[in-house]
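Below is one structure; the comments refer to it alone.
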Amino acid sequence: MPKLAYSFYQSTDVNNLAVQLLGKLLFTRIDGELTGGVIVETEAYKGTEDKASHAYGGRFTNRTQVMYEKGGLSYVYLCYGIHHLFNVVTAPKGTPHAVLIRGIEPVQGIDIMLKRRNMAILKPNITAGPGALSKAMGIDKRLNAEDLLGDEIWIEDNGIVFPVDQIVSSARVGVDYAEDHALLPWRYYIRGNKFVSKPNK
DNA sequence: GTGCGGATGAACT
DNA sequence: GTTCATCCGCACT
């Protein structure tokens, strides 16, 4: 399957990109171990004007600088001191939009994912949730600011297009601090998919 | 240099 | 529903 092209990531409509990423295949090859899954849940973070975004108000730090780079890079950061969260940087250089990947359905290297997650059998919580999927895919800070057209972490277009009525939008998770932006319906997921993270109402 | 708290998940009661 | 693991980014002194 072809990797998503550089041009795919340059759109400034981050909500549309968050929807477009549903159904795409996220892969990593870490130490030669290939794992991959279908993206089933995303959230849009709209740069400087989004109070839930790390780049809100134009905040520019060592952590957030990659968000300002050209679309098509990874943004991985540590949350709660434990979980690595994976985002896709989008929009042209200077516009710090990002899409958080919150859930994938495993299709490749499931045995490797089970081992990384210390699980015996496949259950949805192996990759349902941004911290969980990062652990299963072997994503950590070493994969921050990686080119998504490279050979460590990338996204492929397998032609899957979910019907519009299969896609649900709702409030983003864990952004209560974002005041009047906390309830924006910028979370997108596949209705009924088992690998969508917990709050799926 | 210090202190607060977070784009979570798992194990509890 | 509640607790807590466990780190460092970030704002402020």
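All conditions in (1) touching a strand residue (DSSP E or B) at 6+ places or on another chain (Cβ under 7 Å); (2) among the polar types (S, T, N, Q); (3) surrounded by fewer than 24 Cβ atoms within 10 Å (Cβ to Cβ) hold for residue A:48, with the sole exception of (1).
From A:69, A:33, A:43, grab the single residue that is touching a helix residue (DSSP H, G or I) at 6+ places or on another chain (Cβ under 7 Å), of a type in the set (D, E, K, R) and over 25 Å from residue A:199 (Cα atoms). It is A:33. Residues that are near DNA strand B (Cβ under 8 Å from one of its atoms) and aromatic (Phe, Trp, Tyr) were ranked within segment A:55-95; the one that is surrounded by the most Cβ atoms within 10 Å (Cβ to Cβ) is A:75. The residues in segment A:116-133 that are of a type in the set (Lys, Arg) and within 7 Å of DNA strand B (Cβ to nearest atom) can be counted, and the count is 1.
How many of the residues making up segment A:161-189 are away from DNA strand C (no atom under 16 Å from the Cβ), within 24 Å of residue A:73 (Cα to Cα) and under 17 Å from the mean Cα position of the chain (by Cα)? Within segment A:161-189, residues that are away from DNA strand C (no atom under 16 Å from the Cβ), within 24 Å of residue A:73 (Cα to Cα) and under 17 Å from the mean Cα position of the chain (by Cα) number 5. Among all positions in segment A:46-56, there is at least one residue which is in a strand (DSSP E or B) and either within 11 Å of the chain's Cα centre (by Cα) or away from DNA strand C (no atom under 14 Å from the Cβ) (or both). Of all positions in segment A:7-20, at least one carries a residue that is under 17 Å from residue A:153 (Cα atoms), buried (at least 16 other Cβ atoms within 10 Å of the Cβ) and either of a type in the set (A, V, I, L, M) or touching a strand residue (DSSP E or B) at 6+ places or on another chain (Cβ under 8 Å) (or both).
Restricting to segment A:152-170, name every residue that is over 17 Å from residue A:192 (Cβ atoms) and crowded, with 16+ Cβ neighbours inside 10 Å. First the steps, then the outcome.
We begin by selecting, within segment A:152-170, every residue over 17 Å from residue A:192 (Cβ atoms); these are A:152-159.
Result: A:152, A:153, A:154, A:155, A:157.
When the residues of segment A:143-164 are narrowed to those that are modelled with pLDDT of 95 or more and outside any loop (DSSP other than H, G, I, E, B), which ends up farthest from residue A:69 (Cα to Cα)? Give the steps one after another, and end with the answer.
We begin by selecting, within segment A:143-164, every residue modelled with pLDDT of 95 or more; these are A:143-157.
Subset that is outside any loop (DSSP other than H, G, I, E, B): A:143, A:147, A:149, A:153-156.
On the way: A:143: 15, A:147: 11, A:149: 15, A:153: 17, A:154: 17, A:155: 18, A:156: 21 Å.
Per the criteria, the residue is A:156.
Within segment A:171-193, the residues that satisfy the criterion of being surrounded by fewer than 14 Cβ atoms within 10 Å (Cβ to Cβ) and touching a residue at least 40 places away in the same chain (Cβ under 8 Å) are A:177, A:179, A:180.
The values are calculated or read from the model by the stated rules, or taken from the named source; none is laboratory data. This structure is a prediction, so every number in the text was calculated from the model and none was measured. Using ideal geometry, Cβ is built from the backbone for each residue, glycine included, and neighbour counts are taken over all protein chains shown.
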